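Heads up: the structure comes next, in structure tokens.
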Amino acid sequence: MRDILNELGLGSDSFGASAGAPIETHGDWLDSFAPGDGSKIGRVKMATLDDYEVVMKKTLGVFEKWRALPAPQRGEIVREMGNALRAKKKALGALVALEMGKIRAEGEGEVQEMIDIADFAVGLSRQIYGQVIASERPLHRLTEQWHPLGCVGIISAFNFPVAVWSWNAFIAAVCGDVMVWKPSFKTPLCAIAVQKIVDEVLAKHNMLGVMSLVIGPNETIGERLIHDERVPLISATGSTRMGQHVGQVVAKRFGRSLLELGGNNALVVMDDANQDLALRAVLFGAVGTAGQRCTSTRRLLVHKTIASGFVDKLVKAYDQVKIGNPLAEGTLMGPLIDTDAVASFTRALEQVKAQGGEILRGGKRLTGDNYPGGCYVEPAIVRAKADMQIVREETFAPILYIITVDSLEEAIRINNDVPQGLSSSIFTESMRNAERWVSAMGSDCGIANVNVGTSGAEIGGAFGGEKHTGGGREAGSDSWKAYMRRQTQTVNWSTALPLAQGIQFL
Ligand code: NAD
């Protein structure tokens with residue numbers, strides 16, 4: 001553990017704020033624990049509201065300088081950040097595994113996602129295109145140009161403690177914005193480690209404060225950030241409950257919010273599916289990251305004619321999954337984030353039974369010497385009905401509900417009949433089924449896949465979901481537009497003053 005922290009320049013005590021360099025903080029101590037064995041990794045002195053003010057002033061202070069820098073030059077700085085992350089990929093990936101509990105390969109995959117989005121942002125820095133529109137007036141030029149918004153508040157969830165920040169930060173940075181990050185209090189050291197890496201790059205360019213960090217309680221620091229009129233955009237990733245609150249607060253002050261919230265993702269296996277592919281996709285989607293991805297597979301909608309054979313194979317595949325220390329070689333599933341998450345897993349399975357579901361496999365808390373710290377569980381497979389209340393909710397744990405369907409129509413109806421709308425997949429060899437799934441008459445989710453599982457999106461596409469998932473879009477495609485303001489510009493280079501719509505006034 002010490003080696004990982006040393007390589008990332010982390011001591012056992014850290015300040016919970018930075019605007020280019022750590023800022024002395026004056027709040028309570030926050031302990032960081034490793035869910036893999038319950039040990040304390042370090043502690044962070046949290047920020048007070050006065051400390052927040054210091055961070056915000058420094059961040060806003062550098063905005064004018066940053067926005068004046070040409071976008072491709074901002075991109076060059078992001079390129080250096082991507083390279084710095086390449087150099088630290090193993091150590092940062094290991095810290096993610098240590099503090100969040102996902103396995104090392106997934107921790108490193110998360111850092112790779114940061115590197116990929118940095119590359120994407122470098123390219124984007126030369127492609128922030130506006131439009132030229134045909135003006136109806138002679139000798140007028142009508143254009144649209146994109147300008148930076150100002151300061152972006154980034155609120156991130158525990159389960160992607162570093163990548164989600166980078167999806168926002170690298171895109172916002174090339175757009176000319178500055179930003180303040182409020183990470184999950186469950187993964188503060190990951191945030192401090194990332195901040196140190198980018199601070200070193202920003203220091204070289206005398207741009208300290210473009211990316212800042214503030215760690216503190218939701219009730220003080222979180223609330224201050226979302227209410228802060230100096231922050232025109234809040235990009236918040238987390239539970240639907242959090243997003244409902246943040247969305248209302250930000251809307252009330254006419255700020256913008258980009259909400260990336262909970263999912264309840266279904267994977268359909270049709271009778272003509274390649275079952276080997278489907279099996280691997282379900283296994284990774286439901287068990288990977290211990291079911292703690294927003295895109296985790298939570299509902300398996302399997303055609304009735306293949307259901308029993310497919311579920312038998314799935315149970316056997318679950319039996320092969322090695323559960324244990326996320327940093328150990330060969331582990332496929334680590335612990336849940338904390339004992340509260342274990343309690344919510346257990347509670348959900350009690351509700352399954354009370355609501356008429358049947359646990360086919362797993363569902364117990366794992367104890368004993370191989371499972372120190374109290375956060376390990378057996379992933380559960382449950383026979384369920386689509387309309388059970390617990391099936392309609394997101395439980396952030398490895399519970400897979402098996403629901404049999406008679407037809408594609410029924411699968412689509414059940415897929416869409418939940419409040420959430422993030423990711424969805426179908427496995428089929430039929431072109432008609434596949435096209436229907438991704439058509440307007442198919443899945444209503446932000447992400448609709450064919451012969452690809454629900455979890456593990458590429459950064460090149462826009463990422464996000466509909467309905468109670470919040471409607472935000474992050475990462476690739478034209479998501480960058482969320483971080484900028486659009487200005488419509490009319491330049492009259494004639495010697496007359498024609499009015500629009502041909503109006504004669506004087
Ligand atoms: P959470 O809602 O408990 O916390 C998320 C973040 O919101 C944390 O940083 C938390 O401190 C902050 N927060 C909470 N209340 C706040 C307030 N009043 N003001 C300001 N900030 C506040 O979520 P979590 O347990 O960390 O993460 C799991 C959830 O996140 C799941 O629902 C998962 O689906 C969702 N998630 C969604 C996506 C996505 O892209 N759609 C990605 C990752 C996680």
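Highest-first packing order for the peptide set 133-139, 36-42 is 36-42, 133-139, based on the mean count of other beta carbon atoms within 10 Å.
In the structure shown, do any of Lys313/Lys467; Lys65/Lys204; Lys304/Lys353 have a Cα-Cα gap over 24 Å, and if so which? The pairs that break the limit, which is 24 Å between Cα atoms, are Lys313/Lys467. Every pair of different Cα atoms in region 265-459 enters the Kirkwood calculation, which places the hydrodynamic radius at 16.7 Å.
Partner aspartates and glutamates whose Cα lies under 12 Å from the Cα of Lys90, excluding those fewer than 8 positions away in the same chain, are identified as Asp3, Glu7, Glu106, Glu108, Glu110.
Annotation for region 111-175 versus region 422-444: alpha-carbon center distance of 30 Å.
Shown here are the Rg and Dmax of the Cα trace of region 104-189, at 17.8, 63 Å. Bridging of Lys186 to lysines at a Cα separation below 16 Å is possible for Lys40, Lys45, Lys102, once same-chain residues fewer than 8 apart are set aside. You can think of it this way: the chain between Ile359 and Thr488 has 40.7 nm of extra reach, that is 0.36 nm per residue less the Cα-Cα gap. Compared with the dominant principal axis of the Cα atoms in the chain, helix 71-87 is inclined by about 30°. Compared with the direct C-alpha span, the chain from Ala203 to Leu497 gains 100.9 nm at full extension, assuming 0.36 nm per residue. The order of the peptides 206-213, 292-299, 420-427, 279-286 by mean Cβ neighbours within 10 Å, most packed first, is 420-427, 292-299, 206-213, 279-286.
For the chain, averaging the sequence separation of C-alpha pairs within contact (under 8 Å, six or more residues apart) and dividing by the residue count gives a relative contact order of 17 percent. Each label point was placed 7 Å from the Cα along the Cα-to-Cβ direction; for Gln127 and Asp319 their separation is 4.9 nm. For region 265-459, the antiparallel share of DSSP beta bridges with both residues in that region comes to about 15%. Relative contact order of region 178-308, taken over Cα pairs closer than 8 Å and 6 or more residues apart, is 18 percent. Averaging Cα coordinates gives a centre for region 315-333 and one for region 350-367; these two points are 20 Å apart.
For region 265-459, the Cβ-based charge dipole about the Cα centre amounts to some 300 debye (Lys, Arg positive; Asp, Glu negative; other atoms uncharged). The angle between the Cα long axis of helix 104-124 and the main principal axis of the chain comes to about 30°, on a 0 to 90 degree scale.
Every number in this text was worked out from the coordinates using simple rules, so none of it is lab data. Since this is a predicted model, take the numbers as computed values, not measurements. Here the Cβ is made from the backbone with ideal geometry for all residues, glycine too, and neighbour counts use every protein chain on show.
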